[in-house]
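The values are calculated or read from the model by the stated rules, or taken from the named source; none is laboratory data. Note that the coordinates shown come from a computational prediction; the quantities given were computed from them, not determined experimentally. Cβ placement follows ideal geometry from the backbone for every residue including glycine, while neighbour counts extend to all protein chains displayed. These area figures cover heavy atoms from the full protein model, side chains too; ligands, DNA and RNA do not enter into them. Shrake-Rupley method; radii C 1.70, N 1.55, O 1.52, S 1.80 Å.
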Amino acid sequence: MIYADHAATTALSSTALEAMKPWLQDKYGNPSALYRQAREPRKVIDHARETIASAIGALPEEIFFTSGGTESNNWAIKGTVFRGPEKSRGVVTSCIEHHAVLNPCEFLRRMGYAVNYLPVDNEGVVYPSTLVDDFGEPPALVSVMLANNEIGSIQPIKLLADVAHDFGSLMHTDAVQAVGHIPIDVNQLGVDMLSASAHKFNGPKGVGFLYVRKGVKLEPLLHGGAQEEHMRAGTENVAGIVGMAAALQEHIGNLDAETIYLKRLRASLVEALKETDLRFRLNGAEKRIPGSISISFYGVDGEVLMNRLDLKGIAVSTGSACDSKRTVLSHVIQAIKMPVEYAYGTIRITPGMENTPEEMRQIVSQINEIIMTHKTWRNDNAGNDDPN
Ligand code: PLP
């Protein structure tokens, strides 16, 4: 088995698991209670909040625990728009966001709010000038992802935040693919809100956080108990929060080594690809998440390729998927306007620290065999006239 889909999720690290164990069984007190068994979980949550805040240059009181990236994004977007004076104003986002941003925006559009989508260039990068040029009434919120989950491109968040603030808008970034993988400082980014999810950096699933700059007014999404300063009700996922903090701390400590290693894995894979006769394109911007490799093969069906790799024990992702009648391209692949002969043959390979350069070569060797022995793809791929 070769697992090379770390943008989808990652394994729980041993450090995170060990940190979580006591809070799963022995130390089960409810952090909101007033007796001794409650004080320990309360303290450990506070400690996790400090760890996470310092990992992104925030203050502890600016970190709110959630159930993950989807909830953080929903809260940032709806919570801003539903709040007081911003009520009548809509949202500007980009056309390559994750559905955890696109769908809350679509929900707001159905409710009558203005929602506008910034275009991207063919490397999947938003031009800040489009924010100035295209939109008349200033939105309540500009929400643009820090790094794209399909092609890894990193967005000019600081520039976008400056423009958003000139308009009097708040700036949110979905940093789910970035936190733990590139250095992040919320002050340097200039954002008012930032979403993250633990399972993307070897933490547990179903837990994440939303950074909310001090002074920013948000409407809560969940109403109930007084947890998280009355902003996010519900008994805390103590073990999850502890595991997330341990995993993030571990990642931040290994950031440089991880970046160097993942770049090396990418280089091994690209080198092996160039030694084949396959016609392919590499997608995304030069500035990207280190472990992100999006490749489009000429004349190939990405979903079929992914399924055949799965049969050989290799887990990767695709940029196209079959519904009942036809193959549909992902909105990201559509947005970067890739030539159609390549677009349908897009796969995403996202290695992690446990993968090896040899595994990267094995993946290429299997891709080559699958494509070259396919009765129609083979002709399309004969002759490497378009290597890059
Ligand atoms: N945003 C991005 C960019 C993602 O890649 C993902 C997960 O794939 C999410 C949001 C959703 O995060 P979660 O799975 O924690 O809800």
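Worth pointing out:
- Yes/no for SER13 being touching a residue at least 24 places away in the same chain (Cβ under 8 Å) and within 15 Å of the ligand (Cβ to nearest atom): no
- Total residues in the range 140-165, condition farther than 15 Å from LEU189 by Cα and open to solvent by 10 Å² or more (accessible area, probe 1.4 Å): 2
- Condition broken by GLU286, with the remaining ones in (1) open to solvent by less than 50 Å² (accessible area, probe 1.4 Å); (2) in contact (Cβ under 8 Å) with a residue 40 or more places away in the chain satisfied: (1)
- Search result, residues across the range 290-302 that are in a strand (DSSP E or B) and not hydrophobic (A, V, I, L, M, F, W, C): SER294, SER296
- Members of the range 194-213 that are within 15 Å of the chain's Cα centre (by Cα) and either surrounded by fewer than 24 Cβ atoms within 10 Å (Cβ to Cβ) or of a type in the set (A, V, I, L, M, F, W, C) (or both): LEU194, ALA196, ALA198, HIS199, PHE201, LYS205, GLY206, VAL207, PHE209, LEU210
- Inclusion of VAL216 among residues that are of a type in the set (A, V, I, L, M, F, W, C), away from the ligand (no atom under 12 Å from the Cβ) and either part of a loop (DSSP other than H, G, I, E, B) or modelled with pLDDT under 95 (or both) is warranted.
- For PRO104, the conditions (1) within 30 Å of ALA315 (Cα to Cα); (2) surrounded by 15 or more Cβ atoms within 10 Å (Cβ to Cβ); (3) over 20 Å from the mean Cα position of the chain (by Cα); (4) free of Cβ contacts under 8 Å to residues at least 60 places away in the same chain all hold with the exception of (3).
- Taking first residues from the range 165-178 that are among the small types (Gly, Ala, Ser) and partners that are within 9 Å of the ligand (Cβ to nearest atom) and open to solvent by less than 30 Å² (accessible area, probe 1.4 Å), the Cβ contacts under 7 Å between residues at least 6 apart in sequence or on separate chains come to ALA175/LEU146; ALA175/SER195; ALA175/ALA196; ALA178/LEU146; ALA178/ALA147.
- Within the range 214-238, restricting attention to residues that are over 21 Å from LEU24 (Cα atoms) and among the aliphatic types (A, V, I, L, M), the residue that is least open to solvent (accessible area, probe 1.4 Å) is LEU218.
- Checked against (1) touching a helix residue (DSSP H, G or I) at 6+ places or on another chain (Cβ under 8 Å); (2) under 18 Å from ILE151 (Cα atoms); (3) open to solvent by 40 Å² or more (accessible area, probe 1.4 Å), MET306 meets all criteria but (1).
- Scope the range 166-193; condition open to solvent by 10 Å² or more (accessible area, probe 1.4 Å), within 16 Å of the ligand (Cβ to nearest atom) and more than 22 Å from PRO204 (Cβ to Cβ); matching residues: LEU189
- ASN116 within 16 Å of the ligand (Cβ to nearest atom) and at negative phi: no
- The condition of being within 16 Å of the ligand (Cβ to nearest atom), of a type in the set (Val, Ile, Thr) and open to solvent by less than 20 Å² (accessible area, probe 1.4 Å) holds for VAL126.
- Condition met for LEU131 (out of contact with any Lys or Arg (no Cβ under 9 Å at 6 or more places or on another chain), surrounded by 24 or more Cβ atoms within 10 Å (Cβ to Cβ) and either in a strand (DSSP E or B) or not β-branched (Val, Ile, Thr) (or both)): yes
- When the range 176-205 is filtered for residues that are part of a loop (DSSP other than H, G, I, E, B) and polar (S, T, N, Q), the ones remaining, listed by number, are GLN177, ASN202.
- Those residues of the range 303-338 which are in a helix (DSSP H, G or I) and within 18 Å of the chain's Cα centre (by Cα), in sequence order: HIS331, VAL332, ILE333, ALA335
- PHE65 meets all of the listed conditions (1) in a helix (DSSP H, G or I); (2) among the aromatic types (Phe, Trp, Tyr); (3) within 16 Å of the ligand (Cβ to nearest atom); (4) touching a residue at least 40 places away in the same chain (Cβ under 8 Å) but one, namely (1).
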